[in-house]
1. Considering the chain, what Rg and Dmax in Å follow from its alpha-carbon atoms?
2. Roughly how many Å is it from the Cα centre of the range 7-59 to that of the range 65-81, as a whole number?
3. For the chain, what is the relative contact order in percent, using Cα pairs closer than 8 Å and at least 6 residues apart in sequence?
4. Do any GluC sites (Glu not before Pro) in the range 1-79 lie in a loop, going by DSSP, with at most 16 other beta-carbon atoms within 10 Å of their beta carbon, and if so which?
5. Under a point-charge model restricted to the Cβ atoms of Lys and Arg (+1) and Asp and Glu (-1), what is the dipole moment magnitude of the chain relative to its Cα centre, in debye to the nearest 20?
6. Cα to Cα, under 14 Å, and not fewer than 8 places away if on the same chain: which aspartates and glutamates meet these conditions relative to LYS56?
7. Can you tell me which aspartates and glutamates have their Cα less than 13 Å from the Cα of LYS5? Leave out same-chain residues fewer than eight positions away.
8. Which length gain, in nm to one decimal place, applies between TYR20 and GLU73 when the Cα-Cα distance is subtracted from 0.36 nm times their residue separation?
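The numbers here are math on the coordinates, done by the rules we state, and not lab data. Note that the coordinates shown come from a computational prediction; the quantities given were computed from them, not determined experimentally. Cβ atoms come from the backbone with ideal geometry, glycine included; neighbour counts cover every protein chain shown.
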Amino acid sequence: MGRSKDAWIEAQENHQAAAYYLASIGALERCEFHDIIYSNWSDMSEFYPIAVAEWKKGERGEVGWAEGMSVREYTDCLKAAFDDHLADSCALCDKIARE
């Protein structure tokens, strides 16, 4: 159980790092008030070349969290993070506006 738990924790950390990275290159947006990441883009195909170029850099730059991943694992992680953050706007801002 120890190794599987460690792998799950690492996957969650990579998922969060991928979301923040995608926000840094403009594929996702980050609420300035609530630190919630979201995007209303339908796909991230235009951001793949940027993300893969960053991954291929030897020093890993913005994507140091992806060290040790294959390019397939990296792009799958980015795609999952992108898909999990699809929304028109920040959910907390929306809630406050409704109240």
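1. Both quantities, over Cα of the chain: 14.7, 49 Å.
2. The range 7-59 and the range 65-81 have Cα centres separated by 10 Å.
3. 35
4. Answer in residue order: GLU32, GLU59, GLU67.
5. On the way: 10 positive and 19 negative charges, 47 e Å.
Dipole magnitude for the chain comes out near 220 debye.
6. Candidates past the 8-residue exclusion: GLU67, GLU73.
7. Within the straight-line cut-off, LYS5 pairs with GLU13.
8. So the extension gain works out to 17.4 nm.
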